[in-house]
1. Could you check the stretch 191-228 and list, in sequence order, the residues that are acidic (D, E), modelled with pLDDT of 95 or more and within 24 Å of G177 (Cα to Cα)?
2. Picking from A36, A54, which residue would you name as being closer than 14 Å to G389 by Cα and not hydroxyl-bearing (S, T, Y)?
3. Scan the stretch 100-119 and report the pairs whose first residue is outside the structural domain of L68 (by TED's automatic domain parsing) and on the phi < 0 side of the Ramachandran plot and whose second residue is modelled with pLDDT of 95 or more and assigned to a loop (DSSP other than H, G, I, E, B), with Cβ atoms within less than 6 Å and a gap of 6+ or a chain change.
4. Sort through G26, G41 and tell me the only one that's surrounded by fewer than 24 Cβ atoms within 10 Å (Cβ to Cβ) and out of contact with any Asp or Glu (no Cβ under 7 Å at 6 or more places or on another chain).
5. Report yes if some residue within the stretch 183-190 is at pLDDT 95 or above and either in contact with a Gly (Cβ under 6 Å, 6 or more places away or on another chain) or outside any helix (DSSP H, G or I) (or both); otherwise report no.
6. So is K173 under 21 Å from the mean Cα position of the chain (by Cα) and either buried (at least 16 other Cβ atoms within 10 Å of the Cβ) or not assigned by TED's automatic domain parsing to the domain that holds E373 (or both) or not?
7. Within the stretch 360-457, which helices (runs of 4 or more DSSP H) (wholly inside it) include 3 or more residues that are farther than 24 Å from R332 by Cα?
8. Which residue pairs have Cβ atoms closer than 8 Å, lie 6 or more positions apart in sequence or on different chains, and pair a first residue in the stretch 230-252 that is assigned to a strand (DSSP E or B) with a second residue that is among the β-branched types (V, I, T) and buried (at least 18 other Cβ atoms within 10 Å of the Cβ)?
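The values are calculated or read from the model by the stated rules, or taken from the named source; none is laboratory data. Computed from a prediction, not measured in an experiment: that's the story for all the values here. Don't worry about glycine lacking a Cβ; one is built from the backbone with ideal geometry, like all the others, and counts go over all protein chains shown.
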Amino acid sequence: MLSVFDVFKVGIGPSSSHTIGPMRIGARFLSEAADAGVLGGVSRVKVDLHGSLALTGIGHGSDKAAILGLMGFEPDSVDPDEADAAVARVRNEKRLQLTGGPELDFDPARDIDLRGDIIPEIHPNEMRLFLFAGDDCVFDQTYYSVGGGFIASAVQLAKPAENDMINLPQRGKYQFGSAAELISICRENDLQIYDVILANEDEFRSREQTREKLYNVWAAMRDCIDRGLRTEGVLPGGLQVARRAPALFKKLLNAPMANEREQLFDWLNVYAMAVNEENAAGGRVVTAPTNGAAGIIPAVLKHYCALEEENLPQIRKFLVTAAGIGMLYKQRASISGAEMGCQGEVGVACSMAAAGLAAVWGGTNDQIEHAAEIGMEHNLGLTCDPVGGLVQIPCIERNAIGAVKAVNAARLAVNASHPHKVSLDQVIETMRQTGLDMSRKYKETSEGGLAVNVIEC
């Protein structure tokens, strides 16, 4: 079983799979090289990015992330400004200090090779790293960034033989591999989804430590919203996309008594856009469950659980329930835009947020499952086609739309008067099949859709 904090991880933008993943891969590679006893005598390091990591790597910051990972920066603790300064020094001085190893000559233009022409067989986000002593390669590994900051080696993702039984440790009190199993556990033990996920977390740490970690996740989300609401300017990358959240926020503050029913949309929009503008600028965000979809859950959570004061019990219930739904998508399909398209990012975030809000509104387990199902059902087929390879157009507005859609999904579910016809397991499987059938040019490659029909500025 996954943990809530496998789903919600603090990192830096603009992409969990293209930024956080490569950072973690770089650190893991050097750790394994050190364990192999080869790190001390190396004279050169080379990084190859394949597939989606190459095609949208520059716009998503994959080259920068590779450098940071090799230098020992960690996604959950790195200061974005310090990271930018460190990468700038490497580019200017052509020198790289390997964490736990020597300082080397390193030219990113030479030593980071973006091979978009190579289509990986195992997963679209492939990263190969090499260490050389003189002209001899003394250590190399292949890894994959599989969405939401999760990483795996080629060995881990290789399909074992049918008769190769691997005994994995069972983490968590309650084991479930589907929404049907999760609901059954709840029914048999007279528990809410929230209670089941929390009980599993108790296998990892004390309940008080879990509460503290949940608050830290919320605090990172809240702080990201606040930064996004006050930071003006133009986003980096060349599209000249202006930040819109600060102006919209000021407009809302200047009309506190407005009676437009549609103002609910404005508040959800401004919170979601604030987060995703921060993400696009490389700021600190929480994977929810990815960076590209990081604005939806914080926006809904802020408006319904922390608008005037922080309702910590409700915040915890929202986050834990949403994470439980996110685990199902990770276990049964994928949350990688390079595998599933944006249905695997914004669609999953919408589903998670709908479930969390339904729980906060007092929905039953069946209503929570229904909310999650609606949230995904109406995002099926959503493509990932970022203009210019940047996490800006359509990503920022798409999060705003996703937040509004999540609230509507929760509303439909808790007000439903008849049992629903489509289950969450069925819609997750449909998302998986749709992702597999979707052309690769619509899956985070910037080779189709808006990415080719909008002229870059």
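1. Restricting attention to the stretch 191-228, the residues satisfying the condition of being acidic (D, E) are 195, 201-203, 208, 212, 223, 226.
Next, only the ones that are modelled with pLDDT of 95 or more stay: 195, 201-202, 208, 212, 223, 226.
Within the stretch 191-228, D195, E201, D202 qualify.
2. Details: A36 fails: closer than 14 Å to G389 by Cα.
Result: A54 is the single residue among A36, A54 that is closer than 14 Å to G389 by Cα and not hydroxyl-bearing (S, T, Y).
3. Close Cβ pairs (under 6 Å, with a partner that is modelled with pLDDT of 95 or more and assigned to a loop (DSSP other than H, G, I, E, B)) do not exist here.
4. On the way: G26 fails: surrounded by fewer than 24 Cβ atoms within 10 Å (Cβ to Cβ).
Criteria check complete, one pass: G41.
5. Yes, that holds for at least one residue.
6. Judged against the criteria, K173 is not a match.
7. In the stretch 360-457, 395-414, 450-453 are the helices (runs of 4 or more DSSP H) which contain 3 or more residues that are farther than 24 Å from R332 by Cα.
8. Partner pairs satisfying both residue conditions: V234/V241.
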